[in-house]
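Here is the structure we will look at.
The values are calculated or read from the model by the stated rules, or taken from the named source; none is laboratory data. The structure displayed is predicted, hence computed values, not measured ones. So basically every Cβ, Gly included, is an ideal-geometry build from the backbone, and we count neighbours across all protein chains shown.
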Amino acid sequence: MKTKDILIIGGGPAGMMAAIRAAQLKKDVLLIEKNAQLGRKLLLTGKGRCNLTNIADVETFLEKFSPNGQFLRDAFKVFFNRQLMDFFESKGLKLEVERQGRVSTDKATSILEVLTRELHINQVELLLGARVKDILIDEKKVQAVELADKRQILCTRVIIATGGVSYGFTGSTGDGINFAETLGHRIVPLRPGLVPLETKETFVKKLEGLTLKNIRLIFTDGKKKIVSPIGELLFTDFGISGPLVLTLSGQITDWVKEGRRVAVEIDLKPALSAQDLDNRLLREIQAAPQKIIKNVLKNLLPQKLIGIFIRLVDIGADKHVSHLTQKERGRVCELLKAFRLEIKGPRPIRDAMVTQGGVSLKDIDPRTMESRLMEGLYFAGEMIDMAGDTGGFNLQAAFSTGYLAGEAAAKK
Ligand SMILES: Cc1cc2nc3c(=O)[nH]c(=O)nc-3n(C[C@H](O)[C@H](O)[C@H](O)COP(=O)(O)OP(=O)(O)OC[C@H]3O[C@@H](n4cnc5c(N)ncnc54)[C@H](O)[C@@H]3O)c2cc1C
C-alpha cells in the first residue's frame, strides 16, 4: 500500500496551489484529480481569459466576501494578491490590470500551464482520472483515503479541495462537502452565488448574446430599490447576466425567495436625464424630420434592440419622426430610462459561477485551514462556506486558502 506525507483531493486552483506549497516545503505530496486533466473549471474562468485576482486592498477583499470575509484574513496575510501575481509573473506570465482592478491574462490556459509546470518542478505526484470515495479516520485522526476502485493510500494529512457544486460537468460535484458532512462537520446549505437571472419576458431570447454597455440597473420590489453602478448587461436565452447582474444576484435571489415580485429597470442612458433625452430626440428630429423612427433610434440603441424597443413603445417602426406626438416622444424617453423586465428567479445552482454555503467556518481553523474536529484534515477553496464577488476575488481566495492549507499541513 502506498504511503504519502500529504494527500490533496481536487486538482483545481486551490488543490494545485496547496500541492505546490506543501512540496516546496519538501513534503512527499500526491494530488488526486478525478478528471483526466487538471483545472477544468479554471479554463472557463473570465470566458477563457481568467480574472486571476484583483488589485483591491485586503479590507475591500474581505468586504467582497461579506458576511464571511473575516475568515480569510489569515490566509490573505500569508498569501495575497501581490504574492499571487509575483508567483505567476516570476514564471514569465504577463498579467494585465483591467477595469475595476481585475488582474487578467490573455488565456486561462497559460495559468494552468504555469501551475502544471510548478507541480512537476516541485515533484508533486499526480494521480489523474481517480476519484476519491472516502477518507478513513481513526480516533479523530486522518489515516488514509480510499479511491473509487478500492485502492487505499496511507497518509496522515489530507487537504480536501474539491470545489462547490456549480458547473458540475467540470468535476465540481460537491464530493468534499459530502465527506466533510459524513465526518461530522456542519454544512451551510448550498445556494447559487453569482448567478444569471431568468425573466418572465421570453422576448429576451431574441436578444441573446447582446451586451449593453454603460447602463445602470434598478431592481425594485415596488417598495425597495437596489441601484447598481454603471456597467454591463448581457442578454441570455432565458434572461439577463453580466457582471452587474451577477454581483446583485444574491440579494435578488433572497427577494424572490421571500415571495416578493421583483422587476429590473434598465436605464439605457444613465448619463442623461429624461429631459436631456427629450431634448436630444427633438434635436435629432429637427435635423432629419423625414427619417423614420427606427432609423433615428439607431443613434441611441444597438441594432438588435430596436425592433423590440419599438414594439414595447408601441409606435409603428416606419413612422416619420416629424409625426411623433409629444406623448410618443415621452414614451420613448421613459423606456430609454426604464426598460423594464420582470424577474422570475435565479438560474439553478448548476449555472452559478460560484456555490454559496459549504463546510461551516465554525468547524475550520482560519489560521491553518485545519478541521476543528479531525486532526490532519484540511479544507481549501470553494467548498468552504465563502463566496466572493466577480472580478478575480474567488480565484484569489482559492489560491490563498490552498497555499495556507498546504503550508500548514507541511509544517505540522
Ligand atoms: C464560468 C465560470 C467563470 C469563472 N470565472 C472566474 C474568474 O474569472 N475569476 C475568479 O476569481 N473566479 C471565477 N470563477 C470561479 C472560480 O473558477 C472558482 O471559484 C474556482 O475554480 C474554485 O477553485 P477550487 O479549486 O476550490 O475548486 P474547483 O475549481 O471546482 O476544482 C475542484 C476540483 O476537484 C475535483 N474533484 C471533485 N471531487 C473529487 C473527488 N472525489 N476526487 C478527486 N477529485 C475531485 C474536480 O474534478 C475539480 O477539478 C468562475 C467560475 C465559473 C463557473
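Listing for the model above:
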{"read-out": "Residue list for region 339-358, restricted to those being assigned to a strand (DSSP E or B), in contact with a Lys or Arg (Cβ under 8 Å, 6 or more places away or on another chain) and within 15 Å of ALA387 (Cβ to Cβ)", "value": "THR355, GLN356, GLY357"}
{"read-out": "Test: residue in region 392-405 that is within 12 Å of the ligand (Cβ to nearest atom), in a loop (DSSP other than H, G, I, E, B) and within 18 Å of ARG191 (Cβ to Cβ)", "value": "no"}
{"read-out": "Tally, over region 258-284, of residues that are touching a helix residue (DSSP H, G or I) at 6+ places or on another chain (Cβ under 9 Å) and over 30 Å from VAL204 (Cβ atoms)", "value": "1"}
{"read-out": "Hits in region 307-338 (condition: modelled with pLDDT under 95 and assigned to a loop (DSSP other than H, G, I, E, B))", "value": "ASP314, ILE315, GLY316, ALA317, ASP318, LYS319, LEU324, THR325"}
{"read-out": "Matching residues in region 34-75 - criterion: being among the hydrophobic types (A, V, I, L, M, F, W, C) and either surrounded by 21 or more Cβ atoms within 10 Å (Cβ to Cβ) or farther than 25 Å from ALA22 by Cα (or both)", "value": "LEU38, LEU42, LEU44, CYS50, LEU52, ILE55, ALA56, PHE61, LEU62, PHE65, LEU72, ALA75"}
{"read-out": "Sole exception among (1) acidic (Asp, Glu); (2) farther than 26 Å from ASP365 by Cβ; (3) touching a Leu at 6+ places or on another chain (Cβ under 6 Å) for GLU33, by number", "value": "(2)"}
{"read-out": "Single residue of region 1-19 satisfying the filter (surrounded by fewer than 23 Cβ atoms within 10 Å (Cβ to Cβ) and in contact with an Asp or Glu (Cβ under 7 Å, 6 or more places away or on another chain)) that is farthest from LYS150 (Cα to Cα)", "value": "ASP5"}
{"read-out": "Residue satisfying condition, being under 16 Å from ASN394 (Cα atoms), of a type in the set (Lys, Arg) and in contact (Cβ under 8 Å) with a residue 24 or more places away in the chain, within set ARG82, ARG49", "value": "ARG49"}
{"read-out": "Entirely in region 171-285, the strands (runs of 3 or more DSSP E) that have 2 or more residues that are of a type in the set (Asp, Glu)", "value": "262-267"}
{"read-out": "Selection count, region 198-218, where residues are surrounded by 15 or more Cβ atoms within 10 Å (Cβ to Cβ) and in contact with a Lys or Arg (Cβ under 7 Å, 6 or more places away or on another chain)", "value": "5"}
{"read-out": "Test set (1) under 23 Å from ALA23 (Cα atoms); (2) more than 11 Å from the ligand (Cβ to nearest atom) - LYS327 fails condition number", "value": "(1)"}
{"read-out": "Residue count for region 25-37, restricted to those that are within 7 Å of the ligand (Cβ to nearest atom) and either hydrophobic (A, V, I, L, M, F, W, C) or part of a loop (DSSP other than H, G, I, E, B) (or both)", "value": "3"}
{"read-out": "Qualifying residue in region 59-67 (condition: among the basic types (Lys, Arg) and within 23 Å of the chain's Cα centre (by Cα))", "value": "yes"}
{"read-out": "Neighbours by Cβ (under 9 Å, 6+ apart or cross-chain): first from region 6-22, farther than 20 Å from GLN143 by Cβ and free of Cβ contacts under 8 Å to residues at least 40 places away in the same chain; second among the basic types (Lys, Arg) and surrounded by fewer than 24 Cβ atoms within 10 Å (Cβ to Cβ)", "value": "none"}
{"read-out": "The lone exception for SER110 - which of (1) within 15 Å of the ligand (Cβ to nearest atom); (2) in contact (Cβ under 8 Å) with a residue 40 or more places away in the chain; (3) under 16 Å from LEU395 (Cα atoms); (4) surrounded by fewer than 20 Cβ atoms within 10 Å (Cβ to Cβ) it fails", "value": "(2)"}
{"read-out": "Enumeration of residues in region 42-67 that are in a loop (DSSP other than H, G, I, E, B), within 14 Å of the ligand (Cβ to nearest atom) and out of contact with any strand residue (DSSP E or B) (no Cβ under 7 Å at 6 or more places or on another chain)", "value": "ALA56, PHE65"}
{"read-out": "Per-region count, region 342-399, residues of a type in the set (Gly, Ala, Ser) and either closer than 28 Å to ARG82 by Cβ or within 10 Å of the chain's Cα centre (by Cα) (or both)", "value": "10"}
